[in-house]
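The structure appears right after this line, and notes come after that.
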Amino acid sequence: MPINNDGIMIILSSPSGAGKTTLVSLLSKLNNFEISISHTTRQPRANEVPDQDYYFVEETEFQRLIKNQEFLEYAKVFNNFYGSTRTPVINNLNKGKNVLFDIDWQGADQIKNKKLDYKLITFFILPPSKEVLFERLTNRDMKDKLIAEERMKQFGRDVLHWINYDYVVINNDLDNCFKKIQKLIDAEISDGSKDYDKEFIRSHIDKLTS
Ligand code: 5GP
């Protein structure tokens, strides 16, 4: 079991277009929270800051990190590699900092299966409806409707992983969603009662996938 001064690990995953990156950034402003900065082989987007949003690396460097077993988890997502290096995460946790991960379900599964000696809470973020999701996907830096349609199909596959998460939260309003996550984290830390309705989530997912 964790030694109590250690930080906790919080994973946020979501299918593309659910607004998770903004949520992670809001949560990171809370006292004592640090974001785990991932390595990726994908090209930076126009608004991204290297070494802050991601460590952008060549595939050879990524493969070297895999070989040296430096990753706590890594995965291939949309044809690019993404991974979280172990050392900064463990150092932060040992200093009592809570570490936030913005990673996909493959990475979440890997961290869960490692059964590390630190408390782990996993969240899966969903859009409020298929219509809103489609709108969010077409408003991105992808002009092409076909790409949005491809991502909608991917959504249908990704959403099935909700079952492996501790909590599924619907992002219908950013502030609301942020508060809900914050309350659940607080309740987990203090072992208090959790305001969470799994049946409601199940019916929401049925609607999203029908
Ligand atoms: P994007 O390219 O849009 O920034 O991210 C694409 C997907 O990769 C998102 O679902 C994001 O959460 C995921 N991702 C980002 N970093 C990591 C990582 O270090 N590991 C894993 N497994 N997924 C990541």
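The values are calculated or read from the model by the stated rules, or taken from the named source; none is laboratory data. Nothing here was measured: the structure is a model prediction, and the numbers come from that model. Don't worry about glycine lacking a Cβ; one is built from the backbone with ideal geometry, like all the others, and counts go over all protein chains shown. What goes into the accessible areas is simple: the full protein's heavy atoms, side chains included, and nothing from ligands, DNA or RNA. Shrake-Rupley method; radii C 1.70, N 1.55, O 1.52, S 1.80 Å.
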Among beta bridges that DSSP assigns inside the chain, antiparallel share in %, nearest 5: 30
Per-residue ellipticity at 222 nm attributable to helices in the chain (runs of n ≥ 4 DSSP H, -39500 (n - 2.57) apiece, nearest 500 deg cm²/dmol) works out to -13000 deg cm²/dmol
Rounded accessible area per residue of the chain, 1.4 Å, Å²: 56
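Hey, got a sec? Which trypsin sites (Lys or Arg not before Pro) in the range 180-210 land in a DSSP loop and have at most 14 other Cβ atoms within 10 Å? Provide the component values of the computation, followed by the final result.
Details: sites: Lys180, Lys183, Lys194, Lys198, Arg202, Lys207; in loops: Lys194.
Qualifying residues, ordered by number: Lys194.
Return the Rg/Rh ratio of the range 1-138 with Cα-based radii and a Kirkwood Rh.
0.96
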What's the Cα-based Rg to Rh of the range 63-210, Rh via Kirkwood? 0.98
Ignoring everything but the protein chains, give the 1.4 Å probe accessible area of Leu146 in square angstrom, nearest 10. 120
Please report the carbon-and-sulfur percent of the accessible area for the range 1-104; probe 1.4 Å, protein heavy atoms only, DNA, RNA and ligands left out. 46
